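The structure under discussion appears below in the form of structure tokens.
The values are calculated or read from the model by the stated rules, or taken from the named source; none is laboratory data. Since the structure is predicted, the reported quantities are computational estimates derived from the model, not experimental observations. All Cβ positions, glycine included, derive from the backbone under ideal geometry; neighbour counts span all protein chains shown. Surface areas here come from the heavy atoms of the whole protein model, side chains and all, with no ligands, DNA or RNA. Shrake-Rupley method; radii C 1.70, N 1.55, O 1.52, S 1.80 Å.
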Amino acid sequence: MSYFPLMVQLEQQPVLLVGGGRTALHKARILLEFGARIQVVAPVLIPGFHALPVQIAARNFSQEDILREKWQMVVAATNERAVNERISRLCQEQKIPVNVVDDPALCSFIFPALLKEGEVICAVSSGGRSPLVAQYVKSRIQQVLPQGLGALNEQMGGYRQQLRQEEKDPQKRKERLKERLQQLLDRFS
């Protein structure tokens with residue numbers, strides 16, 4: 001069964017990340033890009049973690065870590081399957097979304113391949129079957145999208161707000177928005 005795509009507001013939301021290796025560091029960087037407040041639990045961390053604005057608990061994972069806070073989500077990125085399974089089970093019992101890296105069977109959500117420019121975000125998923133397929137699709141999409149899409153989105157957002165005040169007819173507003181978008185796309189192309 002396919003995963004349902006859902007955009008989640010992570011700004012200042014608590015996220016637990018268990019693991020201190022390369023993959024965990026990669027996940028931390030992605031989550032930080034979306035403003036998450038990350039607690040990392042791992043007995044050993046690669047040096048890159050200390051340069052990030054994350055809270056670090058340099059120790060083994062314990063059940064209390066799950067119960068300590070009302071987590072927005074949990075990411076298990078250890079290289080120990082038994083630990084990852086335990087984290088998954090505990091999260092599911094507490095109804096906390098959980099991602100277990102490289103083990104879709106233990107996940108309630110997965111990380112898509114992301115293309116992000118400003119507030120414009122494109123997420124591509126292979127359902128956890130082949131991250132390389134998702135990366136391939138992402139790169140193909142990236143090739144056809146115009147540069148400056150984030151700036152274009154900001155301009156359209158401002159224009160939309162202005163138009164809401166000026167034009168009360170929803171159909172006319174929609175037509176004017178389409179015209180403005182085309183004008184901006186012509187400039188960005």
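Per-residue answers, yes or no, for (1) of a type in the set (Gly, Ala, Ser); (2) at pLDDT 95 or above; (3) over 19 Å from the mean Cα position of the chain (by Cα); (4) assigned to a loop (DSSP other than H, G, I, E, B):
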site: GLU11; (1), (2), (3), (4): no, yes, no, yes
site: ALA28; (1), (2), (3), (4): yes, yes, no, no
site: GLY35; (1), (2), (3), (4): yes, yes, no, yes
site: ASN60; (1), (2), (3), (4): no, yes, yes, yes
site: CYS91; (1), (2), (3), (4): no, yes, no, no
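Do we find that ALA42 is among the small types (Gly, Ala, Ser), over 21 Å from ALA113 (Cα atoms), surrounded by fewer than 19 Cβ atoms within 10 Å (Cβ to Cβ) and free of Cβ contacts under 8 Å to residues at least 60 places away in the same chain in this structure?
Judged against the criteria, ALA42 is not a match.
Out of the helices (runs of 4 or more DSSP H) lying entirely within the range 102-189, which hold 3 or more residues that are within 22 Å of the chain's Cα centre (by Cα) and surrounded by 12 or more Cβ atoms within 10 Å (Cβ to Cβ)?
Correct list: 131-144, 149-166.
Please tell me if ALA24 is outside any loop (DSSP other than H, G, I, E, B) and closer than 22 Å to GLY118 by Cβ.
In short, no.
If a residue has to be over 15 Å from PHE109 (Cα atoms) and open to solvent by less than 100 Å² (accessible area, probe 1.4 Å) to count, how many in the range 12-22 make the cut? Break it down stepwise before answering.
Keep residues of the range 12-22 that are over 15 Å from PHE109 (Cα atoms), which gives 12-14, 18-22.
Subset that is open to solvent by less than 100 Å² (accessible area, probe 1.4 Å): 13-14, 18-21.
Looking only at that region, the number is 6.
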